[in-house]
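Notes follow once the structure below has been shown.
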Amino acid sequence: MSNDEKTFLIAGLGNPGKQYAETRHNIGFIVLDHLAKRLGVEFRRMQSNAMVTKARYLDHRLILAKPRTFMNNSGQAIGALVRFYKVPLENVVVIYDDADLDFEMLRIRQEGSSSGQKGMNSVINSLGTDKIPRLRIGIGRPPGRMATPDYVLRPFSSEEQGVLPFIIDRAVDAILEIIENDILSAMNKYNQKTE
């Protein structure tokens, strides 16, 4: 890989507001906060209806974004930022929860449908393509007959919270792997059940 500077947009999906902060649906925000911390930056600025911060990693310029639009309209903010910074779509990474993946599992994909995740669906509609790299974080299926919308807006259980720091660290490592090497390298390394 050359040392040419690239610009990446790393976007975590979630809902604004304290009542949503620790819920399963906000794992994208949670991971992005940890990525920012690891890179030594903080979210202090609003741009295009998203909390935004900038960082450097290796020779690359990173824009980290947490849309404030609520999950289902995430594409409005992400589309505006992609256009403003002229980020190539292969350098966009969207991070979000996935109830169809077991808890603890990470799945990195280069493209594909939203699989019913409304935030990702909004991003696909806004950018006019499903060729958008993404990192899906497994939150598991709702217990019993609980409806998925109710389940994703609940906090992680105390047992899950014990494992969460490990999952978040792995997710941050996966994002940095995408930036440092490429998405295929990250897929090979992280698309497996955690040990």
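Rule-based calculations on the coordinates, nothing more; no lab input. This one's a predicted model, so the numbers in the text were calculated from it and none came from an experiment. Counting neighbours? That spans all protein chains shown, and the Cβs are built from the backbone with ideal geometry, glycine included.
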Practice prompt. Convert each backbone phi in region 100-113 into a coupling constant with the Karplus relation 6.51 cos²θ - 1.76 cosθ + 1.60 (shift: θ = phi - 60°), then list the ³J(HN,Hα) values in order as whole Hz, x for Gly and Pro.
Written response: 8, 9, 4, 3, 5, 8, 10, 9, 9, 9, 7, 6, x, 5
Worksheet item: Taking the Cα-to-Cβ direction at ASP4 and at LEU164 and moving 7 Å from each Cα, how far apart do the two end points lie in nm?
Response: 4.1
Worksheet item: Among SER48, SER122, SER157, which one moves the most in a GNM of the chain with springs linking Cα atoms closer than 10 Å?
Response: SER157
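When the dipole is taken about the Cα centre of the chain, and only Lys, Arg (+1) and Asp, Glu (-1) are charged at their Cβ, what size is it in debye, to the nearest 20?
Details: 26 positive and 23 negative charges, 142 e Å.
Value, rounded to 20: 680 debye.
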Worksheet item: Top mean-square fluctuation among ALA147, ALA99, ALA36, Gaussian network model of the chain, C-alpha springs under 10 Å?
Response: ALA147
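Under Stokes-Einstein, with the Kirkwood radius over Cα pairs standing in for Rh, what whole-number D in µm²/s applies to region 78-132 at 37 °C and 0.692 mPa s?
Details: Rh = 12.0 Å.
Rounded, D is 273 µm²/s.
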Fill in: Assigned charges on the beta-carbon of Lys, Arg, Asp, Glu; region 36-152 dipole about Cα centre (debye)
540
Item to complete: Work out, in µm²/s and without decimals, the Stokes-Einstein translational diffusion coefficient of the chain at 20 °C, 1.002 mPa s, Rh from Kirkwood over C-alpha pairs.
Response: 130
Worksheet item: What helices in the chain pass both tests, a Cα length along the helix axis of 27 Å or more and a mean Kyte hydropathy of 0.5 or higher, using whole DSSP H runs?
Response: 158-180
Worksheet item: Straight-line reach from LYS189: which lysines have a Cα under 28 Å away, not including same-chain ones fewer than 8 places off?
Response: LYS6, LYS37, LYS54, LYS66, LYS118, LYS131
Practice prompt. Determine the relative contact order of region 36-195: mean sequence separation of Cα pairs under 8 Å and six or more apart, normalised by residue count, in whole percent.
Written response: 21
Discussion item. If amide hydrogens are placed 1.01 Å from N in the peptide plane, which non-local residues have theirs closer than 5 Å to the one on LEU9?
Written reply: ILE63, VAL92, VAL93
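What GluC sites (Glu not before Pro) does region 107-168 have in DSSP loop regions with at most 16 other beta carbons within 10 Å? Could you put the intermediate results ahead of the total?
On the way: sites: GLU111, GLU159, GLU160; in loops: GLU111.
Answer in residue order: GLU111.
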Worksheet item: Once phi is turned into ³J(HN,Hα) by the Karplus curve 6.51 cos²θ - 1.76 cosθ + 1.60 with θ = phi - 60°, what whole-Hz value does each residue of region 47-53 show in order, with x for glycine and proline?
Response: 8, 6, 6, 9, 6, 10, 9
Response to the item:
Simple SL model, points at 7 angstrom along Cα→Cβ for ASN191 and LYS54; separation in nm is 3.3
Worksheet item: For the chain, what is the mean residue ellipticity at 222 nm derived from helices alone (per DSSP H run of n ≥ 4: -39500 (n - 2.57); sum divided by total residues; nearest 500 deg cm²/dmol)?
Response: -11500 deg cm²/dmol
